[in-house]
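Written out below as structure tokens is the structure these notes cover.
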Amino acid sequence: MTLVSYDPAARLWLLSTAGSSCAIRLDEDDVLRQVHWGRPLTLEQALAAAAGPVAAPGSSFDGITGEEYPAEGGARFGLPSLQLRHADGSRGVHWRYLGHGIETGVAEAAGEEGFRPCELTIRFRDRHYPLELDLHYRLRPNSEVLERRAVLRHTESESEPWGEPVRLLRMDAACWTLPRLPDYGLSHATGGWSSESQLRRTALPVAETVLTSRRGITSHQANPWLMIDDGSATEDSGEVWSTALAWSGSWRITVQRTPDGVVSCTGGSGHEGLVVRLLPGDSWETPVYAGQYTADGFGGASRAWHRHIADHVLPRADELRPVLYNSWEATGFRVTEQNQMQLASKAAELGVELFVLDDGWFGARRDDSAGLGDWTPSAEGFPDGLGPLAAEVRRLGMRFGLWVEPEMVNPDSDLYREHPDWVLRMPHREQSALRNQLVLDLARPEVAGWAHARLDALVSEYAIDYLKWDMNRPFTDAGRPGHPDPDRLWFDHVHAVHALMARLRADHPGLRIEACAGGGGRVDLGVLAHTDAAWTSDNTDALDRIGIQHGYSQLYPARTMSAWVTDSPNPLTGRSLPLAFRFHIAMAGALGIGGDLRGWTDVELRQAADLVARYKRIRPVVQQGAQYRHRNAVQHVMGEESVVIAWQLPVPHGVPIPPLRLAALDPAARYRDQETGRLHEGALLLTRGLDARLDLGLDSDFSSTVVHLRREGD
Ligand code: DGJ
């Protein structure tokens, strides 16, 4: 199948997935414009679209719009994707088209004969200055996602006339232009610490709407994805244009809706105001800003992203995520060999497969004020090192995981006393020690080298299976005294983190990593390329989790969504909830347990063991199936099986509770409930649905259930 076609006469490219097309063309002045982004078109249809009326400005006051990669310069008044200043004070670019290349890779998996990853590169050179730009478009087999990125090169050598740095004021990865619709709705996620991933659906204003993080991490406050529809899409129906940025640091996506009705999103790494120097011979590469068009509602858009992330982003999507235990909520910083062994023994009895020792195990760490950076086991808590605990965890049949925060240091630590200059700081400015810690300048080779050596030694010495990689404070006062190009640190830090993760994984093929930044502060397509799961939120209250997980699932798949069952009342919210409800909500992701098991009654421990066993039976479908979101339920479907997790929230007496109509089943088939043996008609599950009380047994607030259906043989 041809994923990219080119018509030389019209200078038009057509990029196609199974369910969408994107057509772009060069106009007479070598301006690259979008012709179409939406339902699939043939090349003939795309050519007809390009020959038809273009979204021309009404008057000279409107300027050029609808460009694939708008750069500052000429009659352009929207937000540019590329802004720069040349050494002589001139700004912007004026491109001349250089040519293009289409590269077809090898099929990535068996059975994908004919579907090959495909990359289109379109090249430009400035008409006067020594600058070249490559725009990359990558399509992958069985994915609706188009991955776009850009590379800028300063092509002169120092000895030549323009051998001066170019100041890069902004370089986005891509700009996506939408078709003209009668109206526009915007969906995105906002939040804060302990309230990440709150889904927002609003009308898109005629304005520039900025989604951003200026924190050096992806952030709890906004996540770098968005979905746009015509305002009428639902969970199950309607066209949705969505985009997501693969970047784990500061970022910015600006959605522009102009008064004359053109909507575009330009996005990339870095927040506004950062300036980097591009020296002769240097190049600057953006991360990927991916986009997709889907026609089956927000649910369809999410499933297409989940599939893409599983097939093309995650390193080990094929593996079932283990049921883990994490010590944080049980023992906080006060971890000792003895209390961890007690927890490990209880966890093993429940069927836990991976035991993760959280913060507090190293140096002088007894609270958040000291020890960070000193990655050797605390003599007080672990007099014989971590060896005895690791051995005990393994004897109990579990894998061993460890919490680390390699990008950080407490001023009260041996590391800081030895290397006070290793932290991000600005001359003549005070450092804000958020959570009593400072950020290490990981982009410095000696700092990255130290971090790698420490982590590598730990992983090797204790044969660590899993690192929970935390990052607990945003960047502030971020500088590099004496460095000629200090703002680069915002970009280099992220590359250094990704590189460190990649190197550890390459050297320790069994190592798995969980992304964490004070909860869900660093979840994005960039970090997921190097990790296996993400800690979704420090809020483990199952009721709050429903909303957090709903927002998380808009882009990210269940297998990456780390979800723990903790104590009741919940330590953060004080809310008491039934054990089954807490479990069922967490079972919609990668199940973990984080409560203080030493305080659970025998009855609770037995119930928990049953629920863990239940989870293991449904886990392949939950973690690897397609997800359908319903009101007060999530359904996963894989092959012949479907798993439904349903719950009841408080409603006033007398308010009817609608039945749960399932999705994606065969109406001609019958499905057997694997627990009760009851047989259901597929057609009725899809139409009449399951009654909350009679079929699902949801008879009180916070009652919940899991239904595991398997299609009966013909
Ligand atoms: C923030 C994380 O989200 C928590 O789970 C825990 O690991 C703490 N940091 C430890 O400091």
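When restricted to residues that are over 24 Å from R619 (Cβ atoms) and either under 33 Å from the mean Cα position of the chain (by Cα) or in a loop (DSSP other than H, G, I, E, B) (or both), region 678-714 contains 11.
For region 25-44, which residues satisfy the criterion of being farther than 21 Å from D134 by Cβ and aliphatic (A, V, I, L, M)?
Restricting attention to region 25-44, the residues satisfying the condition of being farther than 21 Å from D134 by Cβ are 28, 36, 38-44.
If the condition is that a residue be farther than 21 Å from D134 by Cβ and aliphatic (A, V, I, L, M), then L41, L43 are the ones that fit.
Among the criteria (1) touching a Leu at 6+ places or on another chain (Cβ under 7 Å); (2) modelled with pLDDT of 95 or more; (3) farther than 28 Å from G291 by Cβ, the one R123 does not fulfil is (3).
Against the criterion of being in a helix (DSSP H, G or I), more than 16 Å from M408 (Cα to Cα), charged (D, E, K, R) and touching a residue at least 12 places away in the same chain (Cβ under 8 Å), R454 does not qualify.
In region 645-670, the residues that are basic (K, R) form Cβ pairs under 6 Å with partners that are not in a loop (DSSP other than H, G, I, E, B), at six or more places apart or across chains, as follows: R670/L679; R670/E681.
Out of S327, S250, report the one residue that is under 28 Å from R614 (Cα atoms), touching a strand residue (DSSP E or B) at 6+ places or on another chain (Cβ under 6 Å), surrounded by 18 or more Cβ atoms within 10 Å (Cβ to Cβ) and of a type in the set (G, A, S). Please lay out each step first, then the result.
Working: S250 fails: under 28 Å from R614 (Cα atoms).
Going through S327, S250 in turn, the sole match is S327.
Say we look at region 482-515 and pick out the residues that are buried (at least 24 other Cβ atoms within 10 Å of the Cβ) and more than 16 Å from the ligand (Cβ to nearest atom); which of these is farthest from G192 (Cα to Cα)? Checking each candidate, the answer is L489. Of the residues in region 430-437, not one is modelled with pLDDT of 95 or more and more than 16 Å from the ligand (Cβ to nearest atom). Restricting L274, L314 to those that are closer than 30 Å to A613 by Cβ and at pLDDT 95 or above reduces the list to L314.
Each row is one residue, and each column tells you yes or no for (1) under 27 Å from the mean Cα position of the chain (by Cα); (2) farther than 29 Å from G238 by Cβ; (3) modelled with pLDDT of 95 or more.
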site	(1), (2), (3)
A9	no, yes, yes
L14	no, no, yes
L26	no, yes, yes
A56	no, no, no
S59	no, yes, no
A71	no, yes, yes
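Residues that are exposed (fewer than 15 other Cβ atoms within 10 Å of the Cβ), assigned to a loop (DSSP other than H, G, I, E, B) and modelled with pLDDT of 95 or more occur at least once in region 41-51. The test for being near the ligand (Cβ under 10 Å from one of its atoms) and either surrounded by fewer than 24 Cβ atoms within 10 Å (Cβ to Cβ) or acidic (D, E) (or both) does not hold for D544. Of all residues in region 457-481, those satisfying the criterion of being within 18 Å of M408 (Cβ to Cβ) and within 16 Å of the ligand (Cβ to nearest atom) are L467, K468, W469, D470, M471, N472, R473, P474.
Could you please find all residues in region 516-537 being outside any loop (DSSP other than H, G, I, E, B) and more than 14 Å from the ligand (Cβ to nearest atom)? Can you show your working first?
Here is the first cut: in region 516-537, the ones outside any loop (DSSP other than H, G, I, E, B) are 517, 520, 525-528, 533-535.
Listed by number, the residues that qualify are L525, G526, V527, L528.
Considering only residues of region 403-423 that are within 16 Å of the ligand (Cβ to nearest atom) and either closer than 14 Å to S369 by Cβ or among the charged types (D, E, K, R) (or both), which is surrounded by the fewest Cβ atoms within 10 Å (Cβ to Cβ)? Per the criteria, the residue is D412. Residue under question is M426, and the condition is that it be more than 13 Å from the ligand (Cβ to nearest atom) and in contact with a strand residue (DSSP E or B) (Cβ under 8 Å, 6 or more places away or on another chain); does it hold? No; evaluated as a whole, the condition is false for this residue.
Name the residues in region 256-273 that are in contact with an Asp or Glu (Cβ under 7 Å, 6 or more places away or on another chain) and either hydrophobic (A, V, I, L, M, F, W, C) or in a strand (DSSP E or B) (or both), would you?
Scanning region 256-273 gives Q256, T266, G267, G268.
The values are calculated or read from the model by the stated rules, or taken from the named source; none is laboratory data. These numbers were taken from a predicted model, which means no experiment stands behind them. All Cβ positions, even for glycine, are placed from backbone atoms using ideal geometry, and neighbour counts span all protein chains on display.
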